[in-house]
Protein chains: 2
Amino acid sequence: MKKLINDAADVVSEALLGIEAAHSDRVRVDHDLKIIYRADAPVQGKVGLISGGGSGHEPMHGGFVGPGMLDAACCGEMFTSPVPDQMMAATKAVDGGAGVLHIVKNYTGDVMNFEMAAEMAADEAGVRVESIVTDDDVAVQDSLYTAGRRGVGVTVLLEKIVGAAAEEQRDLDAILALAKQVNGNGRSMGMALTSCTVPAAGKPTFELGEDEMEVGIGIHGEPGRKRLPIAPARDIAQMLVEPILADLDFKGSPTIVFMNGMGGTPLIELYLMYNEVSKILAKSGVTIARSLVGSYITSLEMAGCSVTLLKADDDMVKLWDAPVNTPGLRWGC
Amino acid sequence: MKKLINDAADVVSEALLGIEAAHSDRVRVDHDLKIIYRADAPVQGKVGLISGGGSGHEPMHGGFVGPGMLDAACCGEMFTSPVPDQMMAATKAVDGGAGVLHIVKNYTGDVMNFEMAAEMAADEAGVRVESIVTDDDVAVQDSLYTAGRRGVGVTVLLEKIVGAAAEEQRDLDAILALAKQVNGNGRSMGMALTSCTVPAAGKPTFELGEDEMEVGIGIHGEPGRKRLPIAPARDIAQMLVEPILADLDFKGSPTIVFMNGMGGTPLIELYLMYNEVSKILAKSGVTIARSLVGSYITSLEMAGCSVTLLKADDDMVKLWDAPVNTPGLRWGC
C-alpha cells in the first residue's frame with residue numbers, strides 16, 4: 001500500500017488538522033468530534049445545513065463547508081458513517097433559529113445515524129430538523145451498504161444549490177422542497193478502472209484485471225452492474241449516460257452536467273470524457289446549462305469517473321451561479 | 001494501460017474539445033494550433049501573458065487561462081514542448097499594445113521554442129516580448145530535459161501573481177521585474193509513489209518497487225535525488241521541506257505555501273501532508289501567509305506530491321488575493 005500517511009488509524013484526524021491549517025479563514029474544526037464548521041456558524045435566521053459521511057470522498061463533504069454551501073460536515077472514519085453524537089452536536093451548533101436540514105447520502109448507516117441525531121436534537125434542544133436522503137445512482141437498486149439507490153454525485157450539486165437558497169434566508173419548508181426537487185431531478189452513474197485501498201485494510205477493496213473495468217461502481221467500491229473489458233472513452237460515456245437518460249427525460253430543461261473524477265484520474269481524461277458526454281447529450285436533445293468538471297466526490301485513489309445530470313430550472317441555475325466560498329468550490333467570493 | 005481515452009494520438013485534441021465545451025464562457029480554443037485563449041483577448045493596454053508546455057500537467061497551463069491569469073496557453077503533445085508557430089500565433093493574438101510576457105518552465109525544448117517564437121513575433125509583428133524562465137526545483141541541478149534547475153510549482157504561483165499585476169495594467173518592465181522576483185523567491189521539491197504512463201508509450205515511464213518512492217522527482221518522471229523505501233508522511237514532508245529551507249531563508253517574510261498533488265493522489269492525503277509541512281514551517285520560524293492545496297501541476301496519474309514555498313511580500317500577497325476567473329483557479333469573480 002502506497003500512501004502519503006503516517007499511521008492508518010490517524011489519517012482522518014491528521015487530514016482535519018491540515019484542513020484547519022489551510023482554511024482557518026473559512027472553517028473551524030472540532031477535532032474531538034471530527035466536525036468541520038463554517039467559521040461564522042450559527043448564522044442567525046438562516047437554515048443550518050449539515051452533511052457528513054465516511055471520509056475518503058474529499059473534497060465532499062468537509063470541502064463544501066463555508067458561505068453558500070454547508071454549515072457543518074461530520075466526518076466519519078474512512079468509508080464509515082459518522083455517529084449520532086457528531087450529527088447531534090453539529091445540529092445544535094448550526095441552528096440559527098430557522099431549523100436545520102440534514103443532507104444524507106443513501107447508505108444504511110448514514111441514514112440511521114442521521115435519523116437518531118435528528119430525534120435527539122429535537123428532543124434535547126427543540127431544534128426543528130428535516131432530512132433529505134439523496135439516491136441518484138441509477139446503477140443498481142440495492143447495494144452492499146444500501147437499500148434502494150445509492151446517493152452519489154447529486155449530493156454535491158444539491159449542497160451548492162440548497163446552500164445558496166439557505167443563504168437567501170429561504171425558510172426550512174422551502175429549502176426542504178427544493179432539496180427534494182434537486183434530488184428527484186438528479187441521476188448519476190459511475191465506473192472504475194482501478195480499486196481504492198482503505199488505509200486500515202491495507203489492500204485493494206476489490207480486484208480488477210489488467211484489462212477490466214467495473215461499470216456502475218459505487219463510491220466505496222461496491223459492485224456495479226457489470227465487469228467489462230476496457231473500452232474507448234466514447235463507449236464508456238455511452239454506458240454512463242444511456243441509463244441516466246433512460247431513467248429520466250432531460251429534454252426541454254436546462255441541465256447541469258457534472259463530470260466527476262473518482263480521485264486517481266487525471267483532469268485531462270475528465271475533460272476528454274466531458275467532450276464525449278456533451279456530444280451524446282447534444283445528439284439526445286439535452287441542453288447543457290452549466291457544467292462542473294473535476295474530482296469532487298471521490299473514492300480515495302480510485303481511477304474512474306461518474307456522470308451526474310441534473311434537470312434544473314431557472315431558479316436552480318441562478319442558485320448554482322450564486323457566490324460560494326468553500327475550500328472545494330469557490331466563486332463570486 | 002488503463003485510461004479514459006479513445007486513441008492515444010487524440011488525447012490532447014479531444015481534451016481541448018472538452019475544455020472548450022465546459023468553459024466557453026471564459027475561453028476559446030484554436031484547435032488547429034492547440035492554443036487556449038482568454039475569451040476576450042487581446043485586452044487593450046494590458047500586458048499579454050502566455051505560457052505553455054507539454055500536456056499532461058493539467059490544470060496547468062490551459063486551466064489557468066482567464067481574467068486575472070493567462071491570456072493564452074500553448075498546448076504541446078503529452079510531455080512534449082509546443083512548437084514556435086503556436087507561441088508566435090499566441091503572442092500576436094494576445095498583444096494589446098503593451099507587449100507580451102512568455103512564462104516558460106525551464107525545459108530545454110520549451111526554452112528554445114519560446115525564444116524562437118519571441119524573435120519571430122518581434123520581427124514579423126513588432127511585438128515587444130520578454131521572457132521569464134522558471135527554475136524553482138531544488139532537487140537536482142541538471143536533469144533529463146533540463147540544463148539547470150527544472151521549472152515546476154512556482155510557475156502556478158507566478159501565473160497567478162503576475163496575472164493580477166497585468167490585470168492592474170502594470171507595464172511590461174514592472175511585470176518582468178515582478179516575475180523575476182517571484183521566480184527568484186520560489187523553491188520546490190517533489191516526490192512520487194508511482195510512475196505515470198504516457199498514453200502513446202503505453203507503459204509506465206519508470207519502474208518503482210512496491211515499497212519504494214522517488215524523492216526529488218520531476219514532473220515528467222525524470223529521476224530525482226534518491227530512491228528510498230516508503231516512509232511516513234512526516235518524514236516525507238521533512239525530505240521535501242528541508243532542502244528548500246536550506247536553499248533560501250524564508251524567515252521574516254509572508255510565505256505562500258503550495259501543497260501540490262501529482263495527479264493520482266487523493267485530496268485527503270494532500271491535507272495530511274499539508275499538516276506535516278505546516279508543522280515543520282512553524283518550527284522553523286516560517287510564517288504562512290497563504291496556502292494552496294490541490295492538484296494543480298500534475299504528471300498525468302502519477303501518485304505523489306510536491307511542496308512549493310514562495311517568499312512573498314505584501315504586494316505579492318495582495319496580488320495573490322486579487323480576483324481570478326479561470327477553470328483551474330477561481331475566486332472573487
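List the distances, in nm to one decimal, from the label point of A:Ala200 to the label points of the same position in every other copy, shortest first, placing each label point 7 Å from Cα along the Cα-to-Cβ direction.
Spelled out, the distances from A:Ala200's label point are 4.7 nm.
Place the label 7 angstrom along Cα→C-beta at A:Pro232 and in each other copy, then list the distances from the first to the rest in nm, shortest first.
5.0
From the cross-link list A:Lys105/A:Lys283; A:Lys105/A:Lys279; A:Lys92/A:Lys180, which pairs have alpha carbons spaced over 25 Å apart?
Over 25 Å apart, Cα to Cα: A:Lys105/A:Lys283; A:Lys105/A:Lys279.
Ordered by packing density, taken as the mean number of other Cβ atoms within 10 Å over each peptide's residues, highest first, how do A:249-262, A:303-316 rank?
Result, highest mean first: A:303-316, A:249-262.
So which of A:Lys3/A:Lys226; B:Lys34/B:Lys318; A:Lys160/B:Lys318 end up more than 31 Å apart by C-alpha?
In this structure, B:Lys34/B:Lys318 exceed 31 Å between Cα atoms.
Per DSSP H run of at least 4 residues, take -39500 (n - 2.57); add these up for chain B, divide by its residues and hand me the 222 nm value, nearest 500 deg cm²/dmol.
On the way: 8 runs with 109 residues, N = 333.
My calculation for chain B gives -10500 deg cm²/dmol from helical runs alone.
Quick one: with label points 7 Å out along Cα→Cβ, list the inter-copy distances for A:Asp211 in nm, shortest first?
Computed spacing set for this position: 3.3 nm.
Between chain A and chain B, with a rotation axis joining them, whose C-beta in A is nearest that axis, and what is the whole-Å distance?
A:Gly264, 2
Rounded to the nearest percent, how much of the accessible area of the protein assembly as shown (1.4 Å probe, protein heavy atoms only) is carbon and sulfur? Provide the component values of the computation, followed by the final result.
On the way: 10760 of 21430 Å².
On the protein assembly as shown, the fraction of accessible area on carbon and sulfur atoms equals 50 percent.
Starting from the Cα of A:Lys251, draw a straight line to each of the aspartates and glutamates and keep only those under 16 Å, dropping any in the same chain fewer than 8 residues away.
A:Lys251 reaches A:Glu242, A:Asp313, A:Asp314.
Once Rh for the range A:13-184 is found with the Kirkwood sum over Cα pairs, what is the Stokes-Einstein diffusion coefficient at 4 °C and 1.567 mPa s, in µm²/s?
Approximately 84 µm²/s, per Stokes-Einstein.
With a 10 Å radius around each residue's Cβ, average the other Cβ atoms per peptide and rank B:44-55, B:273-284, A:218-229, highest first.
Peptide ranking by packing, descending: B:44-55, B:273-284, A:218-229.
Ordered by packing density, taken as the mean number of other Cβ atoms within 10 Å over each peptide's residues, highest first, how do B:12-21, A:165-174 rank?
On the way: B:12-21: 22.4, A:165-174: 17.3.
Most protected by this proxy first, the peptides run B:12-21, A:165-174.
In terms of the ratio Rg/(2.2 N^0.38 Å) built on C-alpha atoms, what value belongs to the range B:186-331?
Compared with the compact-globule rule of thumb, the range B:186-331 sits at 1.07.
Whole Å is fine, so just give me how far the alpha carbon centre of the range B:14-41 lies from that of the range B:229-291.
Computed from Cα coordinates, the inter-centre distance equals 34 Å.
Give me the inter-chain shielding for B:16-29: mean count of other chain Cβ atoms within 10 Å, whole number please.
Mean partner shielding for this stretch: 5.
Pop out the Kirkwood hydrodynamic radius of the protein assembly as shown from its pairwise C-alpha distances, inverse of mean 1/r, in Å to one decimal.
24.8
How many percent of Cα pairs in chain A exceed 29 Å?
Of all Cα-Cα pairs in chain A, 33 percent lie more than 29 Å apart.
If you wrap a convex hull around the C-alpha atoms of the range A:251-330 and split its volume per residue, what is the figure in Å³?
83
For the range B:182-262, run through the GluC sites (Glu not before Pro) and keep only the ones in DSSP coil with at most 14 other Cβ atoms within 10 Å of their Cβ.
When the GluC sites (Glu not before Pro) of the range B:182-262 are filtered for loop state and at most 14 Cβ neighbours within 10 Å, B:Glu207, B:Glu210 remain.
Shielding of B:272-282 by partners, i.e. mean partner chain Cβ atoms within 10 Å per residue?
Details: counts 14, 5, 7, 11, 6, 2, 5, 3, 0, 1, 1.
For this peptide, the per-residue mean of nearby foreign Cβ atoms is 5.
Summarise the partner chain shielding of B:300-309 as one whole number: the mean count of Cβ atoms from other chains within 10 Å of each residue's Cβ. Numbers along the way, then the final one.
Working: counts 5, 9, 1, 5, 2, 1, 0, 0, 0, 0.
Across the residues of B:300-309, the mean count of other-chain Cβ atoms within 10 Å is 2.
Could you check what % of the DSSP bridge pairs in chain A are antiparallel, to the nearest 5? Show your work: numbers first, answer last.
Details: 31 of 55 bridges.
The antiparallel proportion sits near 55 percent.
Once A and B are treated as a pair rather than alone, how much accessible area drops out, both sides summed, in Å² to 100, probe 1.4 Å?
Working: alone 12970 and 12970 Å², together 21430 Å².
Using a 1.4 Å probe on protein heavy atoms, the buried area is about 4500 Å².
The values are calculated or read from the model by the stated rules, or taken from the named source; none is laboratory data. Please read these numbers as outputs of a predicted model, since none were measured by experiment. Counting neighbours? That spans all protein chains shown, and the Cβs are built from the backbone with ideal geometry, glycine included. Accessible surface is based on the protein model in full, side chains and every heavy atom, while ligands, DNA and RNA are left aside. Shrake-Rupley method; radii C 1.70, N 1.55, O 1.52, S 1.80 Å.
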